[in-house]
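The values are calculated or read from the model by the stated rules, or taken from the named source; none is laboratory data. This structure is a prediction, so every number in the text was calculated from the model and none was measured. Cβ atoms come from the backbone with ideal geometry, glycine included; neighbour counts cover every protein chain shown. In case anyone asks, the SASA skips ligands and DNA or RNA and just uses the protein heavy atoms, side chains included. Shrake-Rupley method; radii C 1.70, N 1.55, O 1.52, S 1.80 Å.
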Amino acid sequence: MIIAPSLLAANFGKFAAETVRASKAGAEWLHLDIMDGHFVPNISFGPEVVRSIRPLTKMFFDVHLMCSKPEILLEPFAKAGANQMTIHVELADRVPQLLWKIRSLGLKVGLAVNPPTGVAQAQPYLKQIDLLLVMTVNPGFGGQPFISEMLPKIQQAAAWRREPGLHYRIEVDGGINQQTAIECAKAGADTFVSGTALFGQRQLGTAVRKMRDGVTKAAGKGAKVEAVNC
Ligand code: DX5
Ligand code: ZN
């Protein structure tokens, strides 16, 4: 079980201090939301910010590219210190090339699915990815409510993963708090991005531990589904 605080919910005037706070809180991953003002209606930060916080922590940098042209960003983020890059399946026929490029840069490979998109669109790529990101809000902004209709997608992703040769992590992102993280863990998620619900806490370490304990206890307690249409 991996907890990944999202820097999008940190104080943007104190990225360095907030990175250190997440690291000291015991989070394994730091989730870095890259928004281009085109794929999503918001702009966040770029490779230079990632480069400047890289020396502050050993946390795994989980870069989520909500961008229309990730082609031009893969090398800059790899050089800046990303450990994994996730692109969106909505980029359609450009997906195979993008996944290949991320792998060729020596990084872990992630593929994200937006709420209106069927998870079946990711199925052709499951052998090539390290992580499947099921978006549980429409991306663009932190602090939105969790869309519970996404739970069957997590169950479907977990059902597929029981087939031999498939090892991807199942990450959820958007509206994840102590309660919704447990719902996702029961459905099969193992990687939990959480912005507002974690960075909003004065005691970030306590919140990270509580979330990890909660999802660890909940894992495997949900009903297993073999296949659902979603
Ligand atoms: C949504 C981003 C998320 C965001 C989650 O567009 O991809 O990573 O930071 O924030 P919360 O946890 O506040 O919903
Ligand atoms: Zn994200």
(message) Once ligands and nucleic acids are excluded and a 1.4 Å probe is used, how much of F12 is accessible, expressed in Å² to the nearest 10?
(response) 100 Å²
(message) Just to be sure I understand the model, the point goes 7 Å from the Cα along the line to the Cβ. What's the resulting A120 to K24 distance in nm?
(response) 5.0 nm
(request) Compare S52, S23, S68 in a GNM of the chain, Cα atoms joined below 10 Å, and give the one with the largest fluctuation. (result) S52
(message) Relative contact order for the range 92-154: what percent, with Cα pairs under 8 Å and sequence separation of 6 or more?
(response) 29 percent
(request) Run the numbers on the chain and let me know its relative contact order in percent, using alpha-carbon pairs under 8 Å that are six or more apart. (result) 21 percent
(request) At 0.36 nm per residue, minus the direct Cα-Cα distance, what do N42 and L166 gain on full extension? Give it in nm, one decimal, please. (result) 41.3 nm
(request) Please return the longest stretch of the chain lacking exposed loop sites, where trypsin sites (Lys or Arg not before Pro) count only if DSSP places them in a loop and at most 15 other Cβ atoms lie within 10 Å. (result) 59-161
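Looking at the chain, what % of the alpha carbon pairs are farther apart than 30 Å? Mind showing how you got there, number by number?
Details: 4387 of 26335 pairs.
The calculated P(r) of the chain puts 17 percent of pairs beyond 30 Å.
Need one word for the range 143-230: rounded, prolate or oblate. Basis is the Cα gyration tensor (sqrt eigenvalues a ≥ b ≥ c); a/c below 1.5 gives rounded, then a/b vs b/c decides. Please list the in-between numbers first.
Values: a/c = 2.31, a/b = 1.79, b/c = 1.29.
Cα axes put the range 143-230 in the prolate bin.
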(request) Please give the length that would be gained between A159 and N11 if that part of the chain were fully extended, namely 0.36 nm times their separation in residues minus their C-alpha to C-alpha distance (nm, one decimal). (result) 49.5 nm
(message) Computing the accessible area with a 1.4 Å probe over protein heavy atoms, can you report the carbon and sulfur percentage for the chain?
(response) 54 percent
(request) For every helix of n ≥ 4 consecutive DSSP H residues, a contribution of -39,500 (n - 2.57) applies; sum these over the chain, divide by its total residues, and give [θ] at 222 nm rounded to the nearest 500 deg cm²/dmol. (result) -9000 deg cm²/dmol
(request) Pick out which of Q155, Q179, Q128 has the largest mean-square fluctuation in a Gaussian network model of the chain, springs linking Cα atoms closer than 10 Å. (result) Q179
(request) List nothing, just return the count: lysine pairs in the range 96-230, 8 or more apart or interchain, with Cα separation under 15 Å. (result) 6
(request) With a 1.4 Å probe and all protein chains in place, put D213, D62, D36 in order of accessible area, largest first. (result) D213, D36, D62
(message) Report the Cα-based extents of the range 16-59 along its three principal axes, largest first, to the nearest Å.
(response) 34, 18, 14
(request) Considering Cα pairs under 8 angstrom that are at least six residues apart, work out the relative contact order of the range 72-115 and quote it in whole percent. (result) 47 percent
